[in-house]
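Chemist: Here it is: the structure, laid out below.
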Amino acid sequence: MESETTRQQKVARQIQKDLAEIIRGRGMAAYDGALLTVSGVKITPDLALAKVYVSIFPSAKAPAVMQQLAEENSRLRGELGRRVSKQLRIVPELVFYLDDSLDCVEHIDELLKK
């Protein structure tokens, strides 16, 4: 596995921060009361594609929220573009993935209690 360049890491951090602010600005009500966290961003070496990992609480609302993020993808990308236009020539395509690591932690806790 090749390691990310410093540039990729910087761009990924910036996108993570900006997307988190955009989503937070919309409020929980926009996502049916679910709490969304942008838990990570991985970006391709050409900076054209950003894999955005989101964790959703409660996890029962995850399918609906993921569907909503897919539908709002171009609007979110446009808003991100306005924020990063000074740093990036092209705004990367966004692909949202569910980060279910919190569910795994919860499951492990349950198993340990047994």
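The values are calculated or read from the model by the stated rules, or taken from the named source; none is laboratory data. Quick caveat, the model's predicted, so the values are computed rather than measured. Every residue, glycine as well, gets a Cβ built from its backbone with ideal geometry; the counts of neighbours run over all protein chains shown. The area values use the complete protein model at the heavy-atom level, side chains included, leaving out ligands, DNA and RNA. Shrake-Rupley method; radii C 1.70, N 1.55, O 1.52, S 1.80 Å.
Chemist: Please tell me if Leu112 is open to solvent by 100 Å² or more (accessible area, probe 1.4 Å), aliphatic (A, V, I, L, M), touching a strand residue (DSSP E or B) at 6+ places or on another chain (Cβ under 8 Å) and at pLDDT below 95.
Modeler: Criteria not met by Leu112.
Chemist: Also, quick follow-up: Where the second residue is among the hydroxyl-bearing types (Ser, Thr, Tyr) and the first is surrounded by 16 or more Cβ atoms within 10 Å (Cβ to Cβ) and lies in the range 65-84, which pairs have Cβ atoms under 7 Å and are six or more apart or on separate chains?
Modeler: So the pair list comes out as Val65/Tyr31; Gln68/Tyr31.
Chemist: If Leu19 satisfies every condition in (1) over 17 Å from Pro92 (Cβ atoms); (2) aliphatic (A, V, I, L, M); (3) touching a Leu at 6+ places or on another chain (Cβ under 9 Å); (4) touching a residue at least 12 places away in the same chain (Cβ under 8 Å) but one, which is the exception?
Modeler: (1)
Chemist: Could you check the range 36-64 and list, in sequence order, the residues that are open to solvent by 20 Å² or more (accessible area, probe 1.4 Å), in a strand (DSSP E or B) and either touching a helix residue (DSSP H, G or I) at 6+ places or on another chain (Cβ under 6 Å) or not hydrophobic (A, V, I, L, M, F, W, C) (or both)?
Modeler: Those that are open to solvent by 20 Å² or more (accessible area, probe 1.4 Å), in a strand (DSSP E or B) and either touching a helix residue (DSSP H, G or I) at 6+ places or on another chain (Cβ under 6 Å) or not hydrophobic (A, V, I, L, M, F, W, C) (or both): Leu36, Thr37, Ser39, Lys42, Lys51, Tyr53.
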